Amino acid sequence: MRSLFEEQIVREKGRTLYDIEAHTNAFAEASSFLPSPDEFHLGPHEYLEQVRKIKAAVKIPVIASLNGVTPSGWLEYAKLIEQAGADALELNVYHISTDPDETPDHVDARSVDIVFEVKKTLKIPVAVKLSPFHSAMANHARQLYTAGASGLVLFNRFYQPDIDPEALEAVPALQLSDSTELRLRLRWLAVLSGKGYQNLACSGGVHTALDAIKALMAGASVVQMVSALLHHGPKKLDTIRHDVVRWMEDHEYESLAQLRGSMNLARCPDPSAFERGNYMRVLQSWRG
């Protein structure tokens, strides 16, 4: 029996599964929700060349990111990225399900099949960058690890378009993250690391040393930072690194390993009671 991924490859032969221009003329007001290919700064081949240049220029591991559209595209570019010298690959699974006939199991199976098929073709580690909108996150995480994922990145940020009601256009509005976005990541880092899942990356909401420390305490192996660097430049990394070291020294932590996972749900005798108690505290915390 074929997987959903293999079925899509069969259907894909002879036609394109997803054509970004297919519905451009169907509803002019909504067509601008999707970018045209010439809007991207780097095309596929330019991105591969960028990976090669970065790999040649630095001594640290280079992790590339891939967001595919067609099944053959996932496989083809995953191979090319590995050949370009990437030490690992992040699969950026960005899918918004708008079909009412598509079930949650079908959405999850698509991601699992992608990981399984890509992992069969690569020798380098593969991580999966997830959306927070899965109905059974812990189960989906287990499926992804079983399919061959080496780690998970929590979470993908879906950039929401705004609407210009006068011009009848969707307006791309990039809003950088802030520290308040960290809380959703902390919850699922604490849950998944508490279940024994390893190699978890926190993406979104890390702007300060305390943000990084919280993520590590919840169970993150690493943290990713983009918005903070866009605001303050690469030197922000050095500042946060020194602040983390100073905080650990002040609080007598001897290593990141001692810090990591120290506040996950496995350290709580009754996680369900912990969640209910926090819910009641939140309701009573607001002051007008």
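The values are calculated or read from the model by the stated rules, or taken from the named source; none is laboratory data. Nothing here was measured: the structure is a model prediction, and the numbers come from that model. Positions of Cβ are backbone-derived with ideal geometry, glycine not excepted, and every protein chain shown enters the neighbour counts.
Candidates are the residues of the range 238-255 that are within 20 Å of residue 182 (Cα to Cα) and either among the β-branched types (Val, Ile, Thr) or at pLDDT below 95 (or both); the one that is surrounded by the fewest Cβ atoms within 10 Å (Cβ to Cβ) is 239. Among the residues making up the range 154-178, a single one is within 19 Å of residue 201 (Cβ to Cβ) and of a type in the set (Gly, Ala, Ser): 177.
Do the conditions hold for residue 119, that is, is it buried (at least 19 other Cβ atoms within 10 Å of the Cβ) and within 21 Å of residue 224 (Cβ to Cβ)? In short, no. Evaluating residue 153 against the criteria (1) over 25 Å from residue 251 (Cβ atoms); (2) in contact with a Lys or Arg (Cβ under 8 Å, 6 or more places away or on another chain); (3) without any contact (Cβ under 8 Å) to a residue 60 or more places away in the chain leaves one unmet condition, (3). For residue 49, the requirement of being surrounded by fewer than 17 Cβ atoms within 10 Å (Cβ to Cβ), modelled with pLDDT of 90 or more and not basic (Lys, Arg) is met. Quick check on residue 232: is it under 30 Å from residue 159 (Cα atoms) and more than 22 Å from the chain's Cα centre (by Cα)? When the stated conditions are applied, residue 232 passes them. Quick one: in the range 55-77, which of the residues that are in contact with a strand residue (DSSP E or B) (Cβ under 9 Å, 6 or more places away or on another chain), modelled with pLDDT of 95 or more and not in a strand (DSSP E or B) is surrounded by the fewest Cβ atoms within 10 Å (Cβ to Cβ)? Among residues in the range 55-77 that are in contact with a strand residue (DSSP E or B) (Cβ under 9 Å, 6 or more places away or on another chain), modelled with pLDDT of 95 or more and not in a strand (DSSP E or B), the one surrounded by the fewest Cβ atoms within 10 Å (Cβ to Cβ) is 61. Regarding residue 146, is this residue surrounded by fewer than 22 Cβ atoms within 10 Å (Cβ to Cβ), farther than 30 Å from residue 250 by Cβ and at pLDDT 95 or above? Yes.
The condition of being at negative phi, in a helix (DSSP H, G or I) and surrounded by fewer than 15 Cβ atoms within 10 Å (Cβ to Cβ) holds for only one of 105, 113, 99, that being 105. Taking the criterion of being more than 16 Å from residue 121 (Cα to Cα) and in contact with a Phe, Trp or Tyr (Cβ under 6 Å, 6 or more places away or on another chain), the residues of the range 56-74 that qualify are 67, 69.
Filtered by the rule that a residue be small (Gly, Ala, Ser) and without any contact (Cβ under 8 Å) to a residue 60 or more places away in the chain, the range 104-144 gives 111, 131, 135, 136, 138, 141.
Looking only at residues in the range 149-163 that are in a strand (DSSP E or B) and more than 13 Å from the chain's Cα centre (by Cα), the one that is modelled with the highest pLDDT is 163. Checking the structure you have, find out if any residue of the range 164-178 is within 13 Å of the chain's Cα centre (by Cα) and surrounded by 15 or more Cβ atoms within 10 Å (Cβ to Cβ). No, every residue in the range 164-178 fails to be within 13 Å of the chain's Cα centre (by Cα) and surrounded by 15 or more Cβ atoms within 10 Å (Cβ to Cβ).
Can you list the helices (runs of 4 or more DSSP H) found entirely within the range 178-273 that contain at least 1 residues being aliphatic (A, V, I, L, M) and over 30 Å from residue 139 (Cα atoms)? By residue number, 209-218, 227-232, 235-250.
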